[in-house]
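One structure is given here, and the rest of the page talks about it.
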Amino acid sequence: MPLDVVILGPPGAGKGTQAMRVSAETGLSHIATGDMLRAAIAAESGLGQRVRPILERGDLVPDELMIELIRARLALDDTSNGFVLDGFPRTFAQAEALDAMLADLDRRVGLVLEFQLPDEVAYERLLERGRSDDEPEMIRHRLDVQRVPEEVVTYYRAKGNLVGIHADRPVDEVFGEVQDVLATVAAR
């Protein structure tokens, strides 16, 4: 049975870093929506042209675009053994859509890691990261807009597959906790 993992958390929580490590250790495909959107912008594709102004404002890409992006990505063969998804879902509608997509494949989200990080720690991390969209005013906006809604956390908690991860520690410590959680899930 494939293991499908979702990583939730605010910008700067280390979702991408940890997802890459999980992928490398487990062989699960890493699906990073932020990377996919930035690649679409760089390629000047139709999607890229539609999302560029949205991302430049630090806003969320509309549900319907994100859902179609993920639907297309999950149709690729490399996800058949499972995936680690970083950056999706960010809304309740996206969480429901992901469950519906997986149900069509006779699968379900097996584990949701909620990376918990105080806003001030996230802000400092994003300032240090130095990406072009990491200017102080934009960082504050993104932390407000891209916060994982409580209804998404509650949705997964009710399903019994949500595990909180304290992400305000060094990368290796966070990964150690993630490894422990993965080992527990694998033992079920």
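Quick check on residue 155: is it surrounded by 15 or more Cβ atoms within 10 Å (Cβ to Cβ) and over 17 Å from the mean Cα position of the chain (by Cα)? Give the derivation first.
Numbers: surrounded by 15 or more Cβ atoms within 10 Å (Cβ to Cβ): yes; over 17 Å from the mean Cα position of the chain (by Cα): no.
So residue 155 does not fit the description; no.
For segment 73-93, indicate whether the set of residues that are at pLDDT below 95, part of a helix (DSSP H, G or I) and closer than 19 Å to residue 149 by Cβ is non-empty.
Checked segment 73-93: no residue is at pLDDT below 95, part of a helix (DSSP H, G or I) and closer than 19 Å to residue 149 by Cβ.
Go through segment 1-56 and give me each residue that's within 20 Å of residue 121 (Cβ to Cβ), touching a strand residue (DSSP E or B) at 6+ places or on another chain (Cβ under 8 Å) and not in a strand (DSSP E or B). Let's see the steps before the verdict.
Filtering segment 1-56 for residues within 20 Å of residue 121 (Cβ to Cβ) gives 7-19, 21, 34.
Okay, now just the ones that are also touching a strand residue (DSSP E or B) at 6+ places or on another chain (Cβ under 8 Å), so 7-10, 13-16, 18-19, 34.
Within segment 1-56, 9, 10, 13, 14, 15, 16, 18, 19, 34 meet the criteria.
Kindly list, by first and then second residue, each pair from a residue in segment 41-63 that is over 23 Å from residue 136 (Cα atoms) to a residue that is hydroxyl-bearing (Ser, Thr, Tyr) and outside any helix (DSSP H, G or I), limited to pairs with Cβ atoms under 6 Å and residues at least 6 apart or on different chains.
Here the result reads 63/91, each pair linking segment 41-63 to a residue that is hydroxyl-bearing (Ser, Thr, Tyr) and outside any helix (DSSP H, G or I).
Which condition does residue 91 not pass, out of (1) in contact (Cβ under 8 Å) with a residue 40 or more places away in the chain; (2) farther than 20 Å from residue 157 by Cα; (3) surrounded by fewer than 22 Cβ atoms within 10 Å (Cβ to Cβ); (4) among the β-branched types (Val, Ile, Thr), if it passes all the others?
Answer for residue 91: the failing condition is (2).
Among the residues of segment 139-176, write down those that are under 17 Å from residue 108 (Cβ atoms) and part of a helix (DSSP H, G or I).
Going through segment 139-176, the residues under 17 Å from residue 108 (Cβ atoms) turn out to be 152, 155-163.
152, 155, 156, 157, 158, 159 - these are the residues of segment 139-176 that are under 17 Å from residue 108 (Cβ atoms) and part of a helix (DSSP H, G or I).
Yes or no: residue 3 farther than 19 Å from residue 90 by Cα, modelled with pLDDT under 95 and more than 13 Å from the chain's Cα centre (by Cα)? Talk me through it step by step, then tell me what you get.
Working: farther than 19 Å from residue 90 by Cα: yes; modelled with pLDDT under 95: yes; more than 13 Å from the chain's Cα centre (by Cα): yes.
The answer is yes for residue 3.
The values are calculated or read from the model by the stated rules, or taken from the named source; none is laboratory data. In this text, all values refer to a predicted model and were calculated from it rather than measured experimentally. Positions of Cβ are backbone-derived with ideal geometry, glycine not excepted, and every protein chain shown enters the neighbour counts.
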